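Colleague: A single structure is presented below for examination.
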Amino acid sequence: MSATVLPLADEIDPDKFLPSSRSIAFRKSAWEAVGGYPEWLDYCEDLIFDLRLKTIAAPQVFEPKAVVYFRPRSSLNAFYKQYYLYARGDGKADLWRKRHAIRYATYLVALPFLLLMGLTGKGVTRPLAGILLGIGAFVYLRQPYRRLRYVLSEAARVGTVRVTLRSNLEAVALIPIIRVVGDVAKMIGYPVGWWWRLKHKPPNWREI
């Protein structure tokens, strides 16, 4: 789960990093300048707080040694609920339109088109569809599998879990499942949040 959804330290761009409430420190003056956390949001309120700080160009420093330990969700049901609520928060706050649009286009347009092309195509069409699906799967899973190598090696080194061939294979098999479950949760949660937004007309958080 952590290899699938959490970035490694070397993946973080300090200039673009948006810290969660798990590990953040700020001055009271900065808090007051942006109005604190938006109380009309139940999720993503820390992201709005971060983005508003960037709007006023508040000085920010990324400290990779400020480590907070927490346990990711331990079941697919709990993970689905978590990312459904995150995406619902995105919809409520009008966050990441392009990111969500790409996800819908991938699952509802590109993937069905390639599968249909692979099943019904003739000549070079079918192998071309297979190649494109393979490239897509590589891009989709490359980063989680890269992280998995590090996560498993660290787990074996410190002895937090018993790493075996079976556990390694299970982890490899679970990553695409976790990715798909998370994406489905986001695609269902996002429009629910947008519907809430249209109905309740919350304030524009981009206006300081």
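Colleague: Filter segment 127-174 down to the residues that are loosely packed, with under 15 Cβ neighbours inside 10 Å, among the small types (G, A, S) and more than 20 Å from P72 (Cβ to Cβ) and list them by number.
Modeller: G130, G134, G136, A137
Colleague: A further question on this structure: Which residues, counting only those in segment 46-67, are surrounded by 15 or more Cβ atoms within 10 Å (Cβ to Cβ), closer than 19 Å to D90 by Cα and not β-branched (V, I, T)?
Modeller: To start, the set of residues in segment 46-67 that are surrounded by 15 or more Cβ atoms within 10 Å (Cβ to Cβ) comprises 46-53, 58, 60.
With closer than 19 Å to D90 by Cα added as a condition, the list becomes 46-53.
Within segment 46-67, D46, L47, F49, D50, L51, R52, L53 meet the criteria.
Colleague: Any idea how many residues of segment 170-198 are of a type outside the set (A, V, I, L, M) and under 30 Å from I56 (Cβ atoms)? Show your work before the answer.
Modeller: So in segment 170-198, the residues of a type outside the set (A, V, I, L, M) come out as 170, 176, 179, 182-183, 186, 189-191, 193-197.
Those left that are additionally under 30 Å from I56 (Cβ atoms): 186, 189-190, 193-194, 196-197.
Selection size over segment 170-198: 7.
Colleague: For segment 19-61, name all the residues that are in contact with a Pro (Cβ under 8 Å, 6 or more places away or on another chain) and in a helix (DSSP H, G or I).
Modeller: Of everything in segment 19-61, those that are in contact with a Pro (Cβ under 8 Å, 6 or more places away or on another chain) and in a helix (DSSP H, G or I) turn out to be E45, D46, I48, F49, D50.
Colleague: Still on this model: Could you please let me know if R103 is surrounded by 13 or more Cβ atoms within 10 Å (Cβ to Cβ) and under 30 Å from R206 (Cα atoms)?
Modeller: Working: surrounded by 13 or more Cβ atoms within 10 Å (Cβ to Cβ): yes; under 30 Å from R206 (Cα atoms): yes.
Against the criterion (surrounded by 13 or more Cβ atoms within 10 Å (Cβ to Cβ) and under 30 Å from R206 (Cα atoms)), R103 qualifies.
Colleague: List the number of the failed condition for K98; all other conditions in (1) in a helix (DSSP H, G or I); (2) surrounded by 10 or more Cβ atoms within 10 Å (Cβ to Cβ) hold.
Modeller: For K98, the failing item is (2).
Colleague: If I filter segment 188-203 for residues that are farther than 30 Å from T55 by Cβ and among the hydroxyl-bearing types (S, T, Y), do I get at least one hit?
Modeller: Within segment 188-203 (the criterion being farther than 30 Å from T55 by Cβ and among the hydroxyl-bearing types (S, T, Y)), the answer is no, since none of the residues qualifies.
Colleague: Among the residues of segment 122-144, count how many are within 27 Å of the chain's Cα centre (by Cα) and not small (G, A, S).
Modeller: 11
Colleague: Checking the structure you have, find out if any residue of segment 192-201 is under 23 Å from L111 (Cβ atoms), surrounded by 14 or more Cβ atoms within 10 Å (Cβ to Cβ) and of a type outside the set (S, T, N, Q). Outline the logic, then answer.
Modeller: Taking segment 192-201 and keeping what is under 23 Å from L111 (Cβ atoms), we get 192, 194.
When the remaining residues are screened for being surrounded by 14 or more Cβ atoms within 10 Å (Cβ to Cβ), the result is 192, 194.
Pick out the ones that are also of a type outside the set (S, T, N, Q) and you get 192, 194.
Yes: segment 192-201 contains one or more residues that are under 23 Å from L111 (Cβ atoms), surrounded by 14 or more Cβ atoms within 10 Å (Cβ to Cβ) and of a type outside the set (S, T, N, Q).
Colleague: Here are the criteria: (1) within 13 Å of the chain's Cα centre (by Cα); (2) modelled with pLDDT under 90. Tell me which single one V68 does not satisfy.
Modeller: (1)
Colleague: Also, quick follow-up: Working carefully through the options Y80, Y43, find the one that is surrounded by 14 or more Cβ atoms within 10 Å (Cβ to Cβ), of a type in the set (S, T, Y), touching a Leu at 6+ places or on another chain (Cβ under 8 Å) and at negative phi.
Modeller: Details: Y80 fails: touching a Leu at 6+ places or on another chain (Cβ under 8 Å).
Result: Y43 is the single residue among Y80, Y43 that is surrounded by 14 or more Cβ atoms within 10 Å (Cβ to Cβ), of a type in the set (S, T, Y), touching a Leu at 6+ places or on another chain (Cβ under 8 Å) and at negative phi.
The values are calculated or read from the model by the stated rules, or taken from the named source; none is laboratory data. Here the structure is a predicted model, which means the values were calculated and not measured. All Cβ positions, glycine included, derive from the backbone under ideal geometry; neighbour counts span all protein chains shown.
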